[in-house]
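This report concerns only the one structure given below.
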Amino acid sequence: GIRHPRPRVLLKAPTLAEMEEMNISEEEESP
Amino acid sequence: RQVTVQRKEKDFQGMLEYHKDDEAALIRNLVTDLKPQTLSGTVPCLPAYILYMCIRHADYTNDDLKVHSLLTSTINGIKKVLKKHNDDFEMTTFWLSNTCRLLHCLKQYSGDEGFMTQNTAKQNEHCLKNFDLTEYRQVLSDLSIQIYQQLIKIAEGLLQPMIVSAMLENESIQGLSGVKPTGYRKRSSSMIDGDNSYCLEAIIHQMNSFHTVMCDQGLDPEIILQVFKQLFYMINAVTLNNLLLRKDACSWSTGMQLRYNISQLEEWLRGRNLHQSGAVQTMEPLIQAAQLLQLKKKTHEDAEAICCLCTALSTQQIVKILNLYTPLNEFEERVTVSFIRTIQAQLQDRNDPQQLLLDFKHMFPVLFPFNPSSLTMDSIHIPACLNLEFLNEV
């Protein structure tokens with residue numbers, strides 16, 4: 001029979017703006 | 001006789017493994033501290049391929065946290081480097097090119113059949129096995145738009161000071177200076193110092209430089225076309241706006257010089273194989289303004305010819321140019337009020353936009369068509385100059 005590949009798991013990603021916010025808060029935390 | 005058995009070196013499968021603790025060094029050496037010149041002579045978009053090979057190994061080991069972390073650090077690293085070099089055309093091109101290539105790789109090796117039609121069997125072996133990175137593709141696409149906008153802003157900033165003097169003031173056609181209307185003075189567009197004038201060659205030289213950098217950095221040809229369409233639109237808008245506000249520029253001789261300058265720009269586009277970009281079409285209002293300055297403006301037939309020709313100019317713009325039109329000498333007459341009224345009557349049914357001036361900051365929406373690469377991952381090797389010796393080829 002035909003072998004069906006295992007479905008890939010969707011990796012959730014933050015939006016570009018959310019990523020920026022996270023990055024800013026990380027920079028603020030580490031002086 | 002002694003027989004030596006040589007063990008065959010394990011094949012490189014186009015994946016790169018690294019220890020989690022080396023992620024910061026990877027981003028520093030490959031993104032934030034990298035100078036595009038370091039990679040001259042190597043495969044264009046090498047950082048994008050290296051990053052994809054790292055992602056692929058994390059996917060292969062089913063390490064979703066590593067994939068998340070690498071993609072987030074990469075995106076933040078690219079944003080950081082762009083912020084630091086926000087007036088550097090080459091650096092911005094380099095990262096636009098690499099971000100688009102990483103996006104193309106995430107499509108080409110996604111396992112989605114729609115993106116695999118041009119893949120070789122070997123390339124299909126290099127697809128992601130465990131994760132669907134569709135959402136990260138959206139983030140990279142948004143980032144590409146931001147980088148494109150930065151690129152256009154840098155290019156416009158370099159071109160804008162040249163436009164008025166090169167397009168309207170510089171006289172490259174011999175003998176035209178004798179037929180300038182009285183009171184014509186050279187003006188500088190943005191400089192306080194009146195000597196800062198440019199000729200058309202300056203614009204062409206700048207365009208050549210943009211084009212060479214974009215080609216050298218392996219930017220997708222479709223994006224290069226869109227950059228030039230956008231820049232030609234800006235040249236059109238800035239020039240036309242100045243023409244619409246300056247009596248001394250509305251003359252037969254300026255029309256002649258302007259048409260000549262536009263034809264030089266068209267020729268440049270053809271010479272660089274960029275004529276299918278739609279750049280010339282964005283210049284249509286300016287082409288028609290140049291023709292309007294040269295047409296006869298006296299009889300009813302002249303009015304009809306003007307109305308038929310000037311389809312890319314609004315009634316308000318046509319009337320403004322006719323009002324500003326300055327005769328060359330005592331033998332040429334001013335445009336009469338009745339001639340302008342005839343034009344207005346003929347064009348009254350047109351549904352023209354109300355504003356006189358063009359929005360020179362208008363941006364055309366950009367598209368990043370999928371552009372798969374014929375390179376296979378196992379053919380890519382990492383040059384020592386990148387200082388990435390902690391990456392293991394798998």
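None of the figures in this text is laboratory data; all of them are computed from the coordinates on show. These figures come from a predicted structure and were not determined experimentally. Note that each Cβ is placed from the backbone with ideal geometry, even for glycine, and that neighbours are counted across all protein chains shown.
What dipole magnitude, in Debye to the nearest 20, does the range B:1-107 give about its Cα centre under +1 on Lys/Arg Cβ and -1 on Asp/Glu Cβ?
About 240 debye.
Using only side-chain charges placed at the Cβ, +1 for Lys and Arg and -1 for Asp and Glu, the dipole size of the protein assembly as shown relative to its Cα centre rounds to 800 debye. For the residue pairs B:Lys83/B:Lys122; B:Lys20/B:Lys84; B:Lys80/B:Lys107; B:Lys107/B:Lys361, the C-alpha atoms sit more than 29 angstrom apart in B:Lys83/B:Lys122; B:Lys107/B:Lys361. Along each principal axis, taking the top coordinate minus the bottom one, the Cα set of the range B:314-394 gives 82, 34, 21 Å in descending order. Across peptide A:12-18, the mean count of Cβ atoms from other chains lying within 10 Å of each residue's own Cβ comes to 6. Contact order, relative form, for chain B: 23 percent (alpha carbon pairs under 8 Å, 6 or more residues apart, mean separation divided by residue count).
At 20 °C and 1.002 mPa s, what whole-number value in µm²/s does Stokes-Einstein give for the translational diffusion of the range B:114-163, with Rh from the Kirkwood sum over Cα pairs? Diffusion coefficient, whole number: 150 µm²/s. In sequence order, what are the phi-derived ³J(HN,Hα) couplings for the range B:348-361 according to the Karplus relation 6.51 cos²θ - 1.76 cosθ + 1.60 with θ = phi - 60°, rounded to whole Hz, with x for glycine and proline? Taking θ as phi minus 60°, the curve returns 4, 7, 6, 9, 7, x, 7, 6, 6, 8, 7, 7, 6, 9 Hz for the range B:348-361. Counting every Cα pair in the range B:191-327, what percent are over 24 Å apart? Looking at the range B:191-327, the distances longer than 24 Å represent 37 percent of pairs. Classification of the range B:80-134 by its C-alpha gyration tensor yields a prolate form. The axis ratio a/c (a ≥ b ≥ c) is 1.5 or more, and a/b outweighs b/c.
Sequentially through the range B:145-156, phi angles give Karplus couplings (6.51, -1.76, 1.60; θ = phi - 60°) of 5, 4, 5, 4, 5, 5, 4, 5, 4, 5, 5, 5 Hz, Gly and Pro residues having no value and appearing as x.
Kirkwood analysis of the Cα pair distances in the protein assembly as shown returns a hydrodynamic radius of 25.1 Å.
Annotation: amide H-H contacts under 5 Å for B:Met283 (H modelled 1.01 Å from N, sequence separation of 5 or more, or interchain): none.
Which lysines, on any chain, are close to B:Lys296 with Cα under 24 Å apart, when same-chain ones fewer than 8 places away are left out? List returned: B:Lys180, B:Lys247, B:Lys320.
Using a Gaussian network for chain B with springs between C-alpha atoms less than 10 Å apart, which of these wobbles most: B:Arg101, B:Arg137, B:Arg246? Looking only at B:Arg101, B:Arg137, B:Arg246, the largest GNM fluctuation is found for B:Arg246.
The alpha carbon radius of gyration of the range B:238-394, expressed as a multiple of 2.2 N^0.38 Å, is 1.63. With a Cα-only, solvent-free Debye model of chain B, what are the log10 I(q)/I(0) values at q = 0.08, 0.09, 0.14 Å⁻¹? Ignoring solvent entirely, the Cα scatterers give -0.56, -0.66, -1.11. Each residue of the range B:378-391 was assigned a 3J(HN,Hα) from its phi angle through the Karplus curve 6.51 cos²θ - 1.76 cosθ + 1.60 (θ = phi - 60°); the sequence is 6, 8, 9, 10, 9, x, 4, 4, 7, 6, 10, 5, 7, 8 Hz, with glycine and proline shown as x.
Label positions at B:Val43 and B:Leu375, each projected 7 Å from the Cα along the C-beta direction, are separated by 0.4 nm.
Each label was represented as a point 7 Å from its Cα along the Cα-to-Cβ direction; for B:Ala121 and B:Cys385 these points are 3.7 nm apart. Using only Cα coordinates, the Kirkwood hydrodynamic radius of the range B:13-138 works out to 15.1 Å.
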